[in-house]
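The values are calculated or read from the model by the stated rules, or taken from the named source; none is laboratory data. A quick note: this is a predicted structure, and the numbers were derived from the prediction, not measured. Here the Cβ is made from the backbone with ideal geometry for all residues, glycine too, and neighbour counts use every protein chain on show. Calculation scope for accessible area: heavy atoms of the full protein, side chains included, ligands and nucleic acids excluded. Shrake-Rupley method; radii C 1.70, N 1.55, O 1.52, S 1.80 Å.
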Amino acid sequence: MRYEPIDKELFVNNRKRLVKEMKPNSLAVFNSNDTMPTNADGTMPFRQNNDLFYLTGIEQEESILLICPGFREEKKREILFLRQPNEHLEKWYGHKLTKEEAKTISGIETIMWLQDFENMFHHLMVMAGVEFVFLNTNEHYRSEVVVQTRDARFIDSCKAKYPLHTYQRVAPIMSKLRRVKQEQEIALIQRACDITEKGFRRVLKFVKPGVNEYEIEAEYVHEFISNGSKGFAYTPIIASGKNNIVLHYIENSLPCRSGELVLLDVAAEYANYNSDLTRTIPVSGKFSPRQKEVYNAVLRVQREAMKLLRPNMVYFDYQKEIEKIMEAELHKLKLISESDIKNQDPENPAFRKYFYHGTSHMLGLDVHDIGNMHDNIQVGSVWTIEPGIYIKEEDFGVRLENNIWVGEKENVDLMKNIPIEIEEIEELMN
């Protein structure tokens with residue numbers, strides 16, 4: 001692994017918190033993700049199932065976690081199943097975890113090989129008094145699952161073999177647990193933010209007229225990987241000129257021209273935890289008067305949003321408050337008029353022409369992390385704050401994004417050291 005070892009107590013405590021949420025006489029199963037194919041015999045880089053990683057710290061493919069907290073034999077209440085290392089695997093794919101290594105990483109005492117899973121699972125299902133079986137699914141509110149996952153295949157086979165057990169969804173429990181970050185998790189997200197800062201500062205010195213968007217991408221990835229990250233937390237958005245009014249422009253293929261702005265929605269991961277940064281900078285190193293006007297309007301909205309994102313507020317109520325603030329800023333910019341506001345359709349308000357996305361989302365092991373957006377905002381959760389103004393008729397947009405840890409008394413800006421003021425950006429670029 002590229003990152004420093006994570007204290008196994010994080011994973012031990014995460015499993016304890018899960019067990020407290022499970023019913024008596026229950027069992028839970030978590031499968032690793034599949035290794036996904038590309039073409040011919042190619043595969044994509046492996047990315048572990050986030051719930052399995054959250055509970056074990058294990059990043060190896062073909063792994064299964066089985067938790068049966070009420071089983072009589074204490075050492076079999078938690079079992080981690082791994083692919084057994086052998087000479088062939090080592091020659092072709094390198095080192096696979098030994099039982100001792102997996103124990104050190106996860107804090108799980110009982111490690112077994114994958115070929116023993118079926119017999120052990122059958123034994124627990126029929127001999128341990130199990131009534132409720134908690135199985136995992138992807139229930140993220142923005143998910144679009146079109147490929148059958150390893151978890152989905154296991155659900156089908158499990159129900160076919162044991163049709164009379166009562167099956168339960170573990171996803172709501174994991175959503176509840178994962179949205180509130182533990183101290184070690186905050187440290188890992190902060191590390192991702194710090195690496196992102198290094199990348200952004202490098203790019204500020206690099207950007208100038210004639211540089212291609214993909215060259216900026218290369219500067220980022222060099223800095224990220226040099227600092228122990230696996231790379232981008234998500235597909236980078238490096239959008240110059242009129243492309244920066246497109247929310248998910250990822251082609252990153254055009255030259256940056258004098259007088260334009262370039263929107264940089266680029267951030268690093270660290271130890272599978274993500275950061276999420278957006279800055280908008282002038283290609284020539286100096287903002288025009290109009291660009292400054294719009295930039296500062298977005299910055300004011302972001303700062304008000306940082307005050308409003310507090311515990312016990314529901315996200316959608318928070319979003320409505322931000323939209324009121326944005327409406328006032330757009331009016332000051334003469335982008336919408338009093339008449340536009342007075343006569344607007346409540347279902348399609350006037351501000352939406354220039355601000356057409358949500359202000360925040362949760363952040364963690366997923367960039368758009370799991371959690372119920374209809375619940376109150378939780379102390380200990382991490383959120384992005386990313387307002388933007390996009391002006392098609394002027395061929396430019398501005399978005400600014402920081403990551404915020406919601407505290408009991410006050411919020412903590414995990415990106416407070418990353419340049420955002422116009423004066424600092426211009427100074428660093430020149």
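Here are the numbers for this structure:
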| read-out | value |
| --- | --- |
| Among Asn212, Asn39, Asn296: highest mean-square fluctuation, GNM of the chain, C-alpha pairs under 10 Å | Asn39 |
| Beta bridge orientation in the chain: antiparallel %, DSSP, nearest 5 | 75 |
| Projected label distance in nm at Asn417 and Asp41, using a 7 Å step from Cα toward the beta-carbon | 4.6 |
| Heavy-atom accessible area ranking, 1.4 Å probe, most first, across Arg77, Arg257 | Arg257, Arg77 |
| The chain: most fluctuating residue of Leu365, Leu277, Leu97 per GNM, C-alpha cutoff 10 Å | Leu97 |
| For the stretch 27-134, alpha-carbon Rg over 2.2 N^0.38 Å | 1.14 |
| Fraction of accessible area attributable to carbon and sulfur, the stretch 308-430 (%, probe 1.4 Å) | 47 |
| Ile225 accessible area, assembled protein chains, probe 1.4 Å, Å² | 80 |
| Convex hull volume per residue in cubic angstrom - Cα atoms of the stretch 262-414 | 121 |
| Per residue accessible area in Å² of the chain, where ligands, DNA and RNA are left out and the probe is 1.4 Å | 48 |
| Check: the chain dipole with +1 on Lys, Arg Cβ and -1 on Asp, Glu Cβ, in debye | 640 |
| Accessible-area order (highest first, 1.4 angstrom probe) of the listed residues Met120, Met127, Met44 | Met127, Met44, Met120 |
| Candidate lysines - alpha carbon under 22 Å from Lys96, same-chain residues fewer than 8 apart omitted | Lys8, Lys230 |
| The chain, relative contact order in percent, only Cα pairs under 8 angstrom and at least six apart counted | 14 |
